[in-house]
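Worksheet: the structure to be examined is printed underneath.
The values are calculated or read from the model by the stated rules, or taken from the named source; none is laboratory data. Since we're looking at a predicted model, the values are computed, not measured. Glycine gets a Cβ as well: all are built from the backbone with ideal geometry, and neighbour counts include every protein chain shown. For the accessible areas, the whole protein counts, side chains as well, though only heavy atoms, and no ligand, DNA or RNA atoms are used. Shrake-Rupley method; radii C 1.70, N 1.55, O 1.52, S 1.80 Å.
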Amino acid sequence: MKKDSKLLWTEVDEYFTGLLAPGDAELNAAVKTNRQARLPEIDVSPLQGKFLHVLVRITQAKRVLEIGTLGGYSTICMARALPKGGRIVTLEFEPRHAEIARANLRRAKMLARVDIRIGPALQTLPVLHSSGEGPFDFIFIDADKENNPQYLEWAVKLSRPGTVILVDNVARHGAVIESKSTEPDIVGTRRMMKQMAKNPRLSATALQTVGVKGLDGFAIAVVENASER
Ligand code: SAH
Ligand code: DHB
Ligand code: MG
């Protein structure tokens, strides 16, 4: 390869972004707001956001669950893909993040489709379950990685056969292969991956991604009908 590979994949990402996810007033304003508020720059990339959008369309999801809202960039991308009457429930621990997300969603005219629940997701998920707010058609897991095993368990409980579960950041610049790691996010992600692999109700795969966020990846699973497997 002529160029440093990281530079090359970044340029390729920028090329695809320019074509397929060039941004618009509302998404650009959300990014600007998030940067000015000094939120961590860990939103999905524009192309990844478009990937979420396309997945919500493919699955024809009407009910979406997101774990980890931040400033609502990914939420806007998914909300725009919903059919009439579609809803997203998005879980966020930090009230300040939720407030910024609310402003971004309002500006994007998506707030009416989105229900932001503030609090630790591990407290909100059982409430969603016991109050019968599931099943969800599409579930995006993108919060604190150390709790990924519990998030996957709740996602399955809140699903129906055919539900698609997508988990962000499963490669973490390659750190996911460090089997002796004691980093909570690596331990959590590795445990979640094993559960995903072993759960007979899930058919799953994982794809590495390169781009403006470096090397990372998504795991994706579809919930199977218990009696068919
Ligand atoms: N999905 C967003 C990025 C989410 S970043 C996007 O792509 O635009 C992860 C978010 O999860 C942060 O806002 C963080 O505050 C939140 N978070 C961390 N721990 C959490 C917990 N225990 N429960 C709920 N949210 C949590
Ligand atoms: C981190 C979290 C994310 O959700 C992400 O997409 C990238 C990085 C992080 O905690 O470092
Ligand atoms: Mg993420």
* Report yes if some residue within region 71-87 is outside any helix (DSSP H, G or I), out of contact with any Lys or Arg (no Cβ under 6 Å at 6 or more places or on another chain), within 11 Å of ligand 1 (Cβ to nearest atom) and farther than 22 Å from residue 146 by Cβ; otherwise report no. => yes
* Structure fact -> The one condition residue 23 fails out of (1) in a loop (DSSP other than H, G, I, E, B); (2) within 15 Å of ligand 1 (Cβ to nearest atom); (3) modelled with pLDDT of 95 or more is (3)
* Candidate set: region 23-60, residues that are open to solvent by 90 Å² or more (accessible area, probe 1.4 Å) and away from ligand 3 (no atom under 16 Å from the Cβ); chosen: the one farthest from the chain's Cα centre (by Cα) -> 36
* Asked: Do any strands (runs of 3 or more DSSP E) entirely within region 118-229 hold 1 or more residues that are without any contact (Cβ under 8 Å) to a residue 60 or more places away in the chain, and if so, which?
  -> 164-167, 202-209, 216-223
* Among the listed residues 204, 226, 197, which satisfies the condition of being within 30 Å of residue 17 (Cβ to Cβ) and among the aliphatic types (A, V, I, L, M)? -> 204
* Structure fact -> Scanning region 194-205 residue by residue, those within 20 Å of the chain's Cα centre (by Cα) and open to solvent by 50 Å² or more (accessible area, probe 1.4 Å) turn out to be 194, 195, 197, 204, 205
* Asked: Among the residues of region 103-117, is there at least one that is crowded, with 24+ Cβ neighbours inside 10 Å, hydrophobic (A, V, I, L, M, F, W, C), within 16 Å of ligand 3 (Cβ to nearest atom) and not in a loop (DSSP other than H, G, I, E, B)?
  -> no
* To do: Can you work out which of the residues in region 61-72 that are of a type in the set (D, E, K, R) and open to solvent by 10 Å² or more (accessible area, probe 1.4 Å) is nearest to residue 126 (Cα to Cα)?
  => 63
* Could you please let me know if residue 125 is more than 16 Å from ligand 2 (Cβ to nearest atom), of a type outside the set (Val, Ile, Thr) and touching a Phe, Trp or Tyr at 6+ places or on another chain (Cβ under 8 Å)? => yes
* If you scan region 1-20, which residues turn out to be over 21 Å from residue 49 (Cβ atoms) and assigned to a helix (DSSP H, G or I)? -> 5, 6, 7, 8
* **Filtered residue count, region 73-99, keeping only those that are open to solvent by 10 Å² or more (accessible area, probe 1.4 Å), on the phi < 0 side of the Ramachandran plot and more than 16 Å from ligand 2 (Cβ to nearest atom)** => 8
* **Residue satisfying all of: in region 135-148; open to solvent by less than 10 Å² (accessible area, probe 1.4 Å) and not aliphatic (A, V, I, L, M); nearest to ligand 3 (Cβ to nearest atom) among these** => 140
* **Criterion (open to solvent by less than 80 Å² (accessible area, probe 1.4 Å), within 16 Å of ligand 1 (Cβ to nearest atom), more than 17 Å from the chain's Cα centre (by Cα) and not aromatic (Phe, Trp, Tyr)) met by exactly one of 187, 176** => 187
